[in-house]
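Taking it in order: structure first as structure tokens, then the write-up.
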Amino acid sequence: MTQSSIENWQIGGFGLYVHWPFCEAKCPYCDFNSHVVSHIDQSRWARALADEIRRAGAETPNRVLGSIFFGGGTPSLMTAETVLTVIEAARDCWTFANDIEITLEANPRSVEVRRFEGYARAGVNRVSLGVQALRAADLKRLGRLHGVDEAKTALGVARSVFERVSFDLIYARQNQTLDDWRVELGEALDMAVDHLSLYQLTVEEGTAFWDRARAGGLRGLPDEDLAADMYELTQDLCSAAGYSAYEVSNHARPDAQSRHNLIYWRYGDWLGIGPGAHGRLGTGEQRQATVAWRQPGRWLERAEAGSGLESRTTLELVDQAGEYLMMGLRLDEGLDIGRLHRMNPTVGRAEAVAEMIDLDLIMREGPVLRTTAKGRLVLNSVVAELMP
């Protein structure tokens, strides 16, 4: 049996991701497609992004758009007029859900915070702040340009403008102890509105931290045991404060989950617009992976010439199943094993599932397959064992 005739977007949702690739400075831990430039022609970029959206809209008629997410880079370097142009282009293409979520990532810099009211007038109804740490020394190590007081002020401004506000923190930082993180996370929970993204510091290839680590200059990172203790402490404190871990690194009050990210994890459809953006789009069993040109200048030229996409690849059903498995097991709600097997029955075979259940790494409740608390700690290994 092949994939259901019901399209993925009708099951998992349909969203639009817009990538703004520019930053004031490149953080040493960041492996995202971000660039520092001296001048940005905002009107030119706004037109190119809107044109790309309208081209994508012509290929995806009669859909309901559930979310728009401005990511980066630093989207709060966009003018409110650029944001409005993008949102209006999307409105021209699709029916907006009554409760559409429009999120913009922002840095807590005062020059960017002053734009919040303009973003709200343009249609943004949720902001995600890149706070990353509540300790001055750690902000400096992480290459952040804002201070702790600036972050707290920005959060206060965000709360006054938007009903829905999230912020990010990074833990397992250099020389950070378990008690350090306990105190800092407690402060964060006192400040939080309805959502927190809490990420363990990872040293990614291609970053300044990677080069520093290879040269022996990135000392004091926690060992695996301490990092695992920090993860478990994070789950305990957030749960006690009413922020459930609906995804491995994301915690929310009831009904405050990131609807856009749920589209990824539920394996819906999303369009990726802007330099380096990835998308997934399809009907029935046909599904394409799209990748836009990564370098901003090249993307802009190609978008103005007719398309900013570098590639479109039709995904085999086994690849779709692998992606759905990897995404769905990140969620506390788990995945639908029937949907998984309609994509490919060799992924998540009964024998492999039974073995993982015996090891208390996953659980099955009717059609739902989800990881246990123990399984989330070794999620990559669980996924690997369930692949053919």
Quiz item: Per the 1.4 Å probe, what fraction of the accessible area of the chain, in percent, lies on carbon and sulfur atoms?
Solution: 48 percent
Quiz item: Who wins for biggest fluctuation among 377, 65, 271 in a Gaussian network model of the chain, springs between alpha carbons below 10 Å?
Solution: 377
Practice problem: Starting from the amide H of residue 171, placed 1.01 Å from N in the peptide plane, find each other amide H under 5 Å away whose residue is 5 or more places distant or on another chain. | Solution: 199, 200, 201
Quiz item: Among 273, 170, 357, which one moves the most in a GNM of the chain with springs linking Cα atoms closer than 10 Å?
Solution: 357
Quiz item: How much accessible area per residue does region 218-331 have, in Å², with a 1.4 Å probe?
Solution: 43 Å²
Exercise. Using a 10 angstrom cutoff on alpha carbons, build the Gaussian network for the chain and name the most mobile of 51, 319, 179.
Key: 179
Exercise. Would you mind calculating the gained length between residue 11 and residue 379 on full extension (0.36 nm times residue separation, minus the Cα-Cα distance), in nm to one decimal?
Key: 130.1 nm
Quiz item: Can you give the translational diffusion coefficient of region 85-157 in µm²/s, computed by Stokes-Einstein from the Kirkwood radius over Cα pairs at 37 °C and 0.692 mPa s?
Solution: 238 µm²/s
Quiz item: Under 5 Å between amide H atoms, partner at least 5 residues away or on a different chain: which partners does residue 63 have, H built in plane at 1.01 Å?
Solution: 95
Exercise. Would you list the P(r) distribution for region 98-231, with all Cα-Cα distances sorted into 5 Å bins from 0 and each bin expressed as a whole %?
Key: 2, 9, 19, 20, 17, 13, 10, 6, 3, 0, 0
Self-check item: In Å, descending, principal axis extents of the Cα set of region 232-339
Solution: 53, 34, 22
Quiz item: Each residue of region 226-239 in turn: what ³J(HN,Hα) in whole Hz from Karplus with 6.51, -1.76, 1.60 and θ = phi - 60°, glycine and Pro shown as x?
Solution: 5, 4, 5, 4, 5, 4, 5, 4, 4, 5, 5, 5, 5, 4
Self-check item: Estimated FRET transfer efficiency (residue 255, residue 190; beta-carbon r; R0 30 Å; 0.05)
Solution: 0.90
Quiz item: After finding the eigenvalues of the alpha carbon gyration tensor for the chain, what semi-axes result from the square roots of 5 times each, listed largest first in whole Å?
Solution: 30, 30, 20
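Percent antiparallel among DSSP beta bridges with both residues in the chain, to the nearest 5?
45 percent
Between residue 39 and residue 96, what FRET efficiency follows from the Cβ-Cβ distance if R0 is 41 Å, with the result rounded to 0.05?
With a Förster radius of 41 Å, E is 0.80.
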Quiz prompt | Tail fraction, Cα-Cα pairs, region 258-297, threshold 14 Å, whole percent | solution = 51 percent
Exercise. Using the Karplus curve 6.51 cos²θ - 1.76 cosθ + 1.60 with θ = phi - 60°, work out ³J(HN,Hα) for each residue of region 251-262 in order, rounded to whole Hz, and write x for Gly and Pro.
Key: 10, 8, 5, x, 6, 10, 4, 6, 5, 5, 5, 4
Quiz prompt | Counted charge near residue 259, where neighbours are those whose Cβ lies closer than 13 Å (Asp, Glu -1; Lys, Arg +1) | solution = -2
Practice problem: Report ³J(HN,Hα) in whole Hz for each residue of region 335-349, in order, from the Karplus equation J = 6.51 cos²θ - 1.76 cosθ + 1.60 where θ = phi - 60°; Gly and Pro get x. | Solution: 10, 8, 5, x, 5, 4, 6, 5, 6, 6, x, 7, 8, x, 4
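The values are calculated or read from the model by the stated rules, or taken from the named source; none is laboratory data. This one's a predicted model, so the numbers in the text were calculated from it and none came from an experiment. Note that we place each Cβ from the backbone using ideal geometry, even for glycine, and neighbour counts take in every protein chain shown. For accessibility, only protein heavy atoms count, side chains too; no ligands or nucleic acids. Shrake-Rupley method; radii C 1.70, N 1.55, O 1.52, S 1.80 Å.
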